[in-house]
1. Among the numbered conditions (1) in contact with a strand residue (DSSP E or B) (Cβ under 6 Å, 6 or more places away or on another chain); (2) under 23 Å from PHE313 (Cα atoms), tell me where ALA216 comes up short.
2. Quick check on segment 287-294. Is at least one of its residues more than 16 Å from ligand 1 (Cβ to nearest atom), modelled with pLDDT of 95 or more, surrounded by fewer than 16 Cβ atoms within 10 Å (Cβ to Cβ) and not in a helix (DSSP H, G or I)?
3. Taking the residues in segment 179-209 that are within 12 Å of ligand 1 (Cβ to nearest atom) and β-branched (Val, Ile, Thr) as candidates, determine which candidate is farthest from HIS4 (Cα to Cα).
4. GLU143 versus (1) without any contact (Cβ under 8 Å) to a residue 40 or more places away in the chain; (2) surrounded by fewer than 19 Cβ atoms within 10 Å (Cβ to Cβ): which is the lone unmet condition?
5. Are any residues in segment 107-141 within 12 Å of ligand 1 (Cβ to nearest atom), in a loop (DSSP other than H, G, I, E, B) and touching a helix residue (DSSP H, G or I) at 6+ places or on another chain (Cβ under 6 Å), and if so, which ones?
6. Considering (1) within 16 Å of ligand 2 (Cβ to nearest atom); (2) in contact (Cβ under 8 Å) with a residue 24 or more places away in the chain; (3) farther than 30 Å from TYR173 by Cα; (4) basic (Lys, Arg), say which one ARG266 fails and leave the rest.
7. Select, from ARG440, ARG358, the only residue that is modelled with pLDDT under 95, surrounded by fewer than 16 Cβ atoms within 10 Å (Cβ to Cβ) and either under 27 Å from VAL210 (Cα atoms) or not charged (D, E, K, R) (or both).
Amino acid sequence: MRDHFEVRDFDAGGRIGELRVPRAGVTVETPALLPVINPHIRTIAPAELESEFGAEILITNGYILHQSDDMREAALSRGLHDLYGFDGAIMTDSGSFQLAEYGEIDVTTPEILQFQHDIGSDIGTPVDIPTPPDVSREQAERELATTNEALAAAEGVDVGEMLVNAPVQGSTYTDLRERAARDAYATDLDVFPVGAVVPLLNAYRYDAMVDVVAAAKRGLGQDAPVHLFGAGHPMMFALAVAMGCDLFDSAAYALYARDDRYLTVRGTEHLADLQYFPCSCPVCTDNTPKEIRGCDDETRERLLARHNLHVTFEEMRRVKQAVRKGNLLELVDARARGHPAMLDGYRALLDHADRLERTDPVSKDAFFHVSAECSRRPEVLRHHERLARLDVEGDVLLSEGNKNDDYDATWRVVAPFGPFPRHLSDSYPLTAEVPERRSRDAYEAAAEGVRALVEANPDARFTLAHWRWPGSALERVPERVEMRPLGDRED
Ligand code: GUN
Ligand code: ZN
C-alpha cells in the first residue's frame with residue numbers, strides 16, 4: 001500500500017497531488033518542478049530557489065558528489081541539506097545519465113543508493129539504463145532487464161525513510177514501457193520516473209513523448225507519483241501534466257542560459273533575436289534585451305537563468321490553477337499553437353482521450369470549444385458513449401431549433417456533442433461555449449453522436465432537423481432527414 005502520494009483534484013489525466021517526503025518532513029504539492037543543482041556550478045543558490053522562486057524540492061546528482069573526494073567528504077559529514085542550505089526535499093540521481101553519456105560508471109546500485117542515503121537524500125535513485133529512442137527491440141529488452149535488476153537491488157538496500165525512484169524505461173516500445181511500469185509498480189519502491197525522454201524532447205517529438213508516458217501510465221496505479229525525468233521546458237508542462245505527470249526537473253533554465261537562450265511558454269528564443277522581453281519577471285522589467293546583451297558572460301548567464309526559472313515556475317503555477325479550475329485542456333490547446341510539434345503532441349494526447357476520460361471530472365466550470373481539436377476531448381467521447389447506451393422509443397426529432405409537438409420528443413443537437421435530451425441542456429459539458437462558426441470536425445463529431453444514438457436504438461424513429469447553408473452565410477434553409485441505422489439502409 002502506497003500512502004505517500006494522494007491526489008486531490010483531477011482534470012483530464014492531470015492532477016493536483018500531495019507527495020509526502022518523510023525524511024525531509026515535508027509535503028510537496030504536485031505538479032512540482034525540481035530545479036537541478038549541479039554540484040560544480042551554482043547558477044542560483046539553493047536557498048534562493050526556496051526563498052525567491054518558491055521551490056519546495058530540488059534534485060542534484062549523487063554520482064557527481066560521489067566522484068569528487070572533496071564533495072563526497074563534505075556531503076557525508078555535513079549532509080546535503082546543510083551543504084546546500086535548503087530545507088525542502090532533495091532528490092538525488094544515481095549517475096545513470098553519466099552512464100548514458102559516457103557508456104560506463106564505476107558504482108553499483110547498492111553502493112550509490114547507500115551513498116545517497118548517507119548524504120541525507122530524501123528520494124534516491126538506482127542505476128537504471130536510459131535506453132534511447134528507436135534502438136533495436138533486443139537492446140531495449142536487454143537494457144530493461146538490467147534496469148529491473150537495479151530495481152530489485154534497490155529493494156534490498158536498507159534506506160530507512162528515504163523514498164526511492166523506480167525508473168520506467170523501454171525506449172520507444174510502448175508494450176515494453178507498459179510492462180516496465182507494471183514491474184516497477186509491483187516493487188515496494190515509491191516514485192516512478194519515466195526515463196530517457198530527453199532525446200525525444202530535444203528532437204521536438206512531443207507526440208512520441210505522449211505515447212511513451214501513456215504506455216507507462218497504463219502500467220501504474222493512480223496512487224503512483226510520476227516524474228518526467230529531465231523535462232524542464234515550460235512549453236510542454238501543460239501537455240505532460242494532462243498526461244498525468246506529477247514531477248519535472250529543470251536543468252534547462254541553467255543550460256539554456258549558458259547558450260544565451262531565453263525560455264518562453266511558446267518556445268525558446270535566442271537573446272540576439274529579441275528586441276523586447278515578453279515577460280514581467282524582475283529580470284525583464286529591470287533590463288532590456290540590449291542591456292543584457294551588453295553584460296559580461298557571467299552576469300548575462302545569471303540573469304537569463306533567473307528569467308528562465310521565473311517563467312518555468314510561473315507556467316507550473318498556471319498549470320496547477322488550470323487543473324483546479326478544470327480548464328487544463330484549454331491551456332494545452334493554447335500551448336499547442338506555439339509550435340507544430342506541440343500540436344502533434346496535443347493530437348497524440350487526444351488519441352488517448354479514452355484514458356483521460358477515466359479521471360476527467362464529470363462536471364466542470366465551462367467547456368470552451370476553441371479549436372477543431374476540442375471535438376476529440378474526453379467530454380465529447382464520454383457523451384458519445386452515453387448516447388450508445390441510451391434507451392429511446394417512439395418518434396424523436398433531433399433538432400438544432402425548437403421543440404416540435406408532432407414528435408414524441410424533441411432532442412437538441414449541438415456540435416460537437418450531437419444529440420441530447422433537452423433536460424440535459426444545463427448540465428456539463430452540454431453547457432459548452434461553442435463558436436457560431438463551427439469547424440467541419442465539430443459537425444463530424446456531432447454526426448458521430450447521432451450515429452451512436454441511432455445504431456443503439458434501431459426501433460425508434462429519428463428525424464434530424466438541421467440548417468443547410470446553400471450559398472451565402474446570410475441565408476439558411478431548414479432541412480429534415482430521417483435517420484436509419486446503417487443495417488436498415490436499402491441503398
Ligand atoms: N535524467 C534524465 N533522464 C534520466 C533517466 O532516464 N534516468 C535517470 N536516472 N536520470 C535521468
Ligand atoms: Zn522574464
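The values are calculated or read from the model by the stated rules, or taken from the named source; none is laboratory data. Everything numeric in this text was worked out from a predicted model, so none of it was measured. A quick note on method: Cβ atoms are made from the backbone with ideal geometry, for glycine too, and the neighbour counts reach across all protein chains shown.
1. Against the list (1) in contact with a strand residue (DSSP E or B) (Cβ under 6 Å, 6 or more places away or on another chain); (2) under 23 Å from PHE313 (Cα atoms), ALA216 comes up short only on (2).
2. From segment 287-294, those more than 16 Å from ligand 1 (Cβ to nearest atom) are 287-294; that's our starting set.
With modelled with pLDDT of 95 or more added as a condition, the list becomes 287-294.
So of that shortlist, the ones also surrounded by fewer than 16 Cβ atoms within 10 Å (Cβ to Cβ) come out as 288, 290-291, 293-294.
Subsequent filtering for residues that are not in a helix (DSSP H, G or I) retains 288, 294.
For segment 287-294, residues more than 16 Å from ligand 1 (Cβ to nearest atom), modelled with pLDDT of 95 or more, surrounded by fewer than 16 Cβ atoms within 10 Å (Cβ to Cβ) and not in a helix (DSSP H, G or I): present.
3. The extreme case among them is VAL198.
4. Among (1) without any contact (Cβ under 8 Å) to a residue 40 or more places away in the chain; (2) surrounded by fewer than 19 Cβ atoms within 10 Å (Cβ to Cβ), GLU143 violates only (2).
5. Once the filter is applied, which keeps residues that are within 12 Å of ligand 1 (Cβ to nearest atom), in a loop (DSSP other than H, G, I, E, B) and touching a helix residue (DSSP H, G or I) at 6+ places or on another chain (Cβ under 6 Å), segment 107-141 yields PRO126, VAL127, ASP128, ILE129, PRO130, THR131, PRO132, PRO133.
6. Of (1) within 16 Å of ligand 2 (Cβ to nearest atom); (2) in contact (Cβ under 8 Å) with a residue 24 or more places away in the chain; (3) farther than 30 Å from TYR173 by Cα; (4) basic (Lys, Arg), only one is false for ARG266: (3).
7. ARG440
So that you can scan it fast, the table gives a plain yes or no per residue for (1) under 19 Å from GLU479 (Cα atoms); (2) modelled with pLDDT of 95 or more; (3) not basic (Lys, Arg):
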residue	(1), (2), (3)
SER399	yes, no, yes
ASN402	yes, no, yes
ASP405	yes, no, yes
TRP411	yes, yes, yes
VAL414	yes, no, yes
PHE417	no, yes, yes
ARG422	no, no, no
SER427	no, yes, yes
LEU430	no, yes, yes
